[in-house]
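No lab work stands behind these numbers, since they all come straight from the coordinates. Computed from a predicted structure; not experimentally measured. Cβ sites come from the backbone with ideal geometry, for glycine too, and all protein chains shown count toward neighbours.
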Amino acid sequence: MKKIIIGNFKMNTKPSELKPYAMSLATKTKGSKNDIIICPPYTHLSVAREFLTGSGVAYGAQNISDEEKGALTGEISASMIKDLGATYVIIGHSERRAKFKETDRLVNRKIKTALANGLKVILCVGESLQIRENRQAYAFIKKELDDDLKGIYENELDSVIIAYEPIWAIGTGKTATNKDIIKMIETIRKEVEYLYSEKAGKELSVVYGGSVNLNNYKKILSNETVNGVLVGGACLDVDAFAVMCRENY
Ligand code: PGA
């Protein structure tokens, strides 16, 4: 079955390092049936365009402004990344929510701006350890989805991938158990079913992220309800990432 394999570079690597990475990934994953997406820093996107156009590897950014243009020093707009051939953008990553104080309202506006510019959205949701320990994880994720997807039409969900990323599993080496991942992804589908329709819940693309690596990716992806993975640290090693990308699931 086809899976979605997303690499999130975060603030790692230099633009000049993307050329060998991109060429190697494109070669190693040639013929793969999976959807392969990398999200390097903005500064790498023109390199991605040069070396990934026409390959089976799509690329995107890790953030955008919610505004279209204007006096916003240091911001990058959806149309700018689109102009560099980006197809995707990650929105609402927990690092942005925590460190840059991104609220659900802002995340919602960014999603609308991305979709209006023809970008596909990778929307990250996930609970903290405290929320999980207080047994509020399911209610928390449902509310995140309700707020983040407010005003998004059902036909736009084709352009949205939900990434379930429990915050306590990101960069910690501790993945959620398969049982927890499946239970949360089913909860996400149910919530989208409630917000839109049964069909929307069923057809929604939902991936898991949080310490995915060569030792655990197969097990995580073995369940049908898990449509893919969002890989942070482990995607920086092109050989390891290529293995996950070319696997026949
Ligand atoms: P990680 O990061 O794989 O390094 O845990 C995942 C993410 O933040 O998207």
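For this structure, a couple of remarks:
- Close pairs (9 angstrom Cβ cut-off, 6 or more residues apart or separate chains): free of Cβ contacts under 8 Å to residues at least 24 places away in the same chain and in a loop (DSSP other than H, G, I, E, B) in region 170-181, of a type in the set (A, V, I, L, M) and within 8 Å of the ligand (Cβ to nearest atom) anywhere: none
- Pairing each residue of region 94-122 that is at positive phi and touching a residue at least 40 places away in the same chain (Cβ under 8 Å) with any residue that is in a helix (DSSP H, G or I) and more than 16 Å from the ligand (Cβ to nearest atom), provided the two are 6+ apart or on different chains, yields no C-beta distance under 6 Å.
- Some residue of region 50-59 being assigned to a loop (DSSP other than H, G, I, E, B) and within 16 Å of the ligand (Cβ to nearest atom): no
- Meets criteria (away from the ligand (no atom under 16 Å from the Cβ) and within 14 Å of Glu127 (Cα to Cα)) for Thr187: yes
- Taken over region 39-57, the criterion of being closer than 18 Å to Val231 by Cα, out of contact with any Leu (no Cβ under 7 Å at 6 or more places or on another chain) and buried (at least 20 other Cβ atoms within 10 Å of the Cβ) is satisfied by Cys39 alone.
- Residues of region 1-16 that are more than 15 Å from Val47 (Cβ to Cβ), in a loop (DSSP other than H, G, I, E, B) and more than 12 Å from the ligand (Cβ to nearest atom): Met1, Lys2, Lys3.
- Residue ID - nearest to Tyr164 (Cα to Cα), chosen from residues in region 75-113 that are in a helix (DSSP H, G or I) and within 16 Å of the ligand (Cβ to nearest atom): Ser94
- Selection over region 124-159 of residues that are touching a strand residue (DSSP E or B) at 6+ places or on another chain (Cβ under 9 Å) and either closer than 15 Å to Ala78 by Cα or basic (Lys, Arg) (or both) gives a count of 1.
- Selection from region 196-247 of residues that are farther than 14 Å from Ile170 by Cα and among the aromatic types (Phe, Trp, Tyr): Tyr196, Tyr217, Phe241
- Unique match (being among the hydrophobic types (A, V, I, L, M, F, W, C) and over 25 Å from Tyr21 (Cβ atoms)) among Leu84, Leu52, Leu72, Leu45: Leu72
- One residue stands out among those in region 212-249 that are over 23 Å from Glu17 (Cβ atoms) and of a type in the set (Gly, Ala, Ser): the one that is farthest from the ligand (Cβ to nearest atom), which is Ser222.
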